[in-house]
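Below is one structure, written out as structure tokens, with a few remarks after it.
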Amino acid sequence: MILTRLQQLIGGIYDLGVAYDVYDFLVTDRACLPPQVRTRLSAEDLIVAQPGESGEEVAMSLYLDPALLERLGREDPMVRLHDGNVADWWIALEGVSHFLYLAWNASHDRPVSLLELEMQAEVDKYVASYWLMRRQSPEHFPAELRRLLFDRSRIDQRLADGREDLYRHASGYAERFCRRLEQLLHGSRGGSEVEVLAELRRFYRYTNARKRAHIERLA
């Protein structure tokens, strides 16, 4: 199942010990979502709630458009990632990234801001796509990946819900971090992937403030 394989890909890159399966939290029928989010246009939504006054438990559901999952089933990016399925791949990847990041932080009693959730998802899109493309085409370095992800992508105001600045900041931080990763990976033609993995695993575990400070030092 594609979301399980995607969870395993991201989890393997970051060496995550998340005991939950994304399919146990998956919703594909908007009618089953809380009323306030049923009318959204997005193909992916992470719905989070803290029941009770103590706030000790985090409840979440991941919505993905069933048509998107059907398309990914027909054109499996884990077999071949290409122009025709990359947009759907990134939507699904963002959803799984959100799920994993929230689950991992909740298991370590750490709060998560929307900015770091979105920033990490953008980093995950680059990193998971890089690893997948290198696996599928070992002789090709995906130099076009960062430009496609960050330079050619646009924020859809219909989906941003007034948070355009937040998404721009998250994308800006992620682009700077991924530019540095690209330099490390391309400079040695992949020879430093072990070093980059160590850097990614440290970065994943940083707090929000430390992540941004780390990226700002890279400039």
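Results for (1) in contact with a Leu (Cβ under 8 Å, 6 or more places away or on another chain); (2) of a type in the set (Phe, Trp, Tyr); (3) at pLDDT below 95; (4) farther than 21 Å from residue 170 by Cβ, shown as yes or no for each residue.
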{"position": "60", "(1), (2), (3), (4)": "yes, no, yes, no"}
{"position": "94", "(1), (2), (3), (4)": "no, no, no, no"}
{"position": "109", "(1), (2), (3), (4)": "no, no, yes, yes"}
{"position": "113", "(1), (2), (3), (4)": "no, no, yes, no"}
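Which condition number does residue 90 fail, the rest of (1) modelled with pLDDT under 95; (2) part of a helix (DSSP H, G or I); (3) more than 18 Å from residue 16 (Cα to Cα) being met?
Of the numbered conditions (1) modelled with pLDDT under 95; (2) part of a helix (DSSP H, G or I); (3) more than 18 Å from residue 16 (Cα to Cα), the odd one out for residue 90 is (1).
Could you list, ordered by first residue, the pairs with Cβ atoms under 6 Å in which the first is in segment 94-111 and farther than 20 Å from residue 127 by Cα and in contact (Cβ under 8 Å) with a residue 40 or more places away in the chain and the second is part of a loop (DSSP other than H, G, I, E, B) and of a type in the set (Val, Ile, Thr), at least 6 apart or interchain?
Short answer, once both residue conditions are applied: 106/58.
Please indicate, with yes or no, whether at least one residue in segment 130-137 is surrounded by fewer than 12 Cβ atoms within 10 Å (Cβ to Cβ), modelled with pLDDT under 95 and out of contact with any Leu (no Cβ under 6 Å at 6 or more places or on another chain).
yes
If I ask for residues that are free of Cβ contacts under 8 Å to residues at least 12 places away in the same chain and charged (D, E, K, R), which ones from segment 83-93 would you list?
83
Among residues belonging to segment 1-51 that are polar (S, T, N, Q) and at pLDDT 90 or above, point out the one that is farthest from residue 71 (Cα to Cα).
8
Report every pair of residues separated by at least 6 positions or lying on different chains whose Cβ atoms are under 6 Å apart, first residue within segment 120-147 and under 20 Å from residue 96 (Cβ atoms), second among the charged types (D, E, K, R) and modelled with pLDDT of 90 or more.
121/94
Can you name the number of the only condition in (1) surrounded by fewer than 17 Cβ atoms within 10 Å (Cβ to Cβ); (2) at pLDDT below 90 that residue 216 fails?
(2)
Checking residue 12 against (1) among the small types (Gly, Ala, Ser); (2) in contact (Cβ under 8 Å) with a residue 12 or more places away in the chain; (3) within 29 Å of residue 195 (Cα to Cα), which test does it fail?
(2)
Within segment 24-45, is even one residue in contact (Cβ under 8 Å) with a residue 60 or more places away in the chain and over 18 Å from the mean Cα position of the chain (by Cα)?
Yes, that holds for at least one residue.
What's the total number of residues in segment 138-189 that are within 18 Å of the chain's Cα centre (by Cα), modelled with pLDDT under 90 and among the hydrophobic types (A, V, I, L, M, F, W, C)?
Going through segment 138-189 one residue at a time, the tally reaches 4.
The values are calculated or read from the model by the stated rules, or taken from the named source; none is laboratory data. As the structure is a prediction and not an experimental result, all values here were calculated from the model. When we count neighbours, we look across all protein chains shown, and the Cβ atoms used for this are built from the backbone with ideal geometry, even at glycine.
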